[in-house]
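*Asks:* Provided herewith is a single structure, encoded as structure tokens, for subsequent inquiry.
The values are calculated or read from the model by the stated rules, or taken from the named source; none is laboratory data. Just so you know, these numbers come straight off a predicted model, no measurement behind them. Glycine also receives a Cβ, built like all others from the backbone with ideal geometry; neighbour counts cover every protein chain displayed. When the accessible area is computed, the model is the full protein with side chains, heavy atoms only, and any ligands, DNA or RNA have been set aside. Shrake-Rupley method; radii C 1.70, N 1.55, O 1.52, S 1.80 Å.
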Amino acid sequence: MNDCLFCKIVAGKIPSNKVYEDEKVIAFTDINPQAPVHILIIPKKHIASVADTSELDMDIYARIMSVGKRLAEEFGLKGGYRLVTNIGKDGGQAVDHLHFHLLGGRTMGWPPG
Ligand code: AMP
Ligand code: ZN
């Protein structure tokens with residue numbers, strides 16, 4: 001996807017503060033952090049959102065959860081954390097490339113805004 005911001009980050013055309021990479025996903029710090037730890041975990045492959053995921057790509061979610069757990073340990077989020085994805089306009093999604101937010105280092109509120 002030529003015009004996708006996160007595809008450009010995957011390709012290294014836009015710089016990011018990468019904290020994890022494997023053959024399927026990368027993770028980097030959010031440019032506008034909403035918590036002391038705010039990391040985005042994304043598939044290297046362009047998938048617009050959960051709503052656009054094919055059955056064949058479901059393994060990506062297992063990988064993202066596993067990377068989220070690992071990063072939460074690495075970043076010392078012992079008290080808990082939030083691992084969430086926004087879907088579509090009403091879900092608050094601004095970048096149309098699937099991403100999970102790993103948020104931690106403070107107490108989260110509920111319900112989210
Ligand atoms: P969402 O609203 O769920 O689509 O989240 C998009 C997230 O991407 C926001 O938290 C932004 O701060 C973050 N973001 C946008 N551009 C960049 C960038 N170049 N590097 C890192 N994070 C970004
Ligand atoms: Zn993309």
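*Asks:* For the chain, what's the relative contact order in percent, using C-alpha pairs closer than 8 Å and at least 6 residues apart?
*Replies:* 29 percent
*Asks:* Just the number, please: carbon plus sulfur as a percent of the accessible area of region 5-104, 1.4 Å probe, no ligands or DNA/RNA counted. All intermediate terms of the calculation are to be shown ahead of the outcome.
*Replies:* Values: 2970 of 5490 Å².
Percent of accessible area from carbon and sulfur atoms in region 5-104: 54.
*Asks:* Let me ask something else about it. Quick one: accessible area per residue over the chain, 1.4 Å probe, rounded to a whole number of Å²?
*Replies:* Numbers: 6800 Å² over 113 residues.
Averaged over the residues of the chain, the accessible area is 60 Å².
*Asks:* Determine which lysines satisfy two conditions relative to Lys44: a Cα distance under 21 Å, and not lying fewer than 8 residues away in the same chain.
*Replies:* Lys8, Lys13, Lys18, Lys24, Lys69
*Asks:* Where the only charges are on Cβ atoms (+1 Lys, Arg; -1 Asp, Glu), what is the dipole of region 9-63 about its Cα centre, to the nearest 20 debye?
*Replies:* Numbers: 6 positive and 8 negative charges, 48 e Å.
Rounded to the nearest 20 debye, it is 240 debye.
*Asks:* So, one more: Report, to the nearest 10°, how far helix 59-74 tilts away from the longest principal axis of the Cα atoms in the chain, using its own Cα long axis and a range of 0 to 90°.
*Replies:* Once rounded, one gets 40 degrees.
*Asks:* What shape does region 5-104 have by the C-alpha gyration tensor, where a ≥ b ≥ c are the square roots of the eigenvalues, rounded means a/c under 1.5, and otherwise prolate means a/b greater than b/c and oblate the rest? Could the numbers behind the result be given before it?
*Replies:* Values: a/c = 1.33, a/b = 1.28, b/c = 1.04.
Verdict is rounded for region 5-104.
*Asks:* Using alpha carbon centroids, what distance separates region 84-113 and region 1-79, in Å?
*Replies:* Each part reduced to its Cα centre gives a spacing of 13 Å.
*Asks:* Calculate the FRET efficiency for Leu5 and Asp59 from the Cβ-Cβ distance with a Förster distance of 25 Å, rounded to the nearest 0.05.
*Replies:* Numbers: r = 24 Å, r/R0 = 0.96.
E(calc), rounded to 0.05, equals 0.55.
*Asks:* What does the extension gain come out to for Glu21 and Ile87, with contour length at 0.36 nm per residue minus their alpha carbon separation? Please list the in-between numbers first.
*Replies:* Values: separation 66, 0.36 × 66 = 23.76 nm, distance 2.34 nm.
Gain in length upon complete extension: 21.4 nm.
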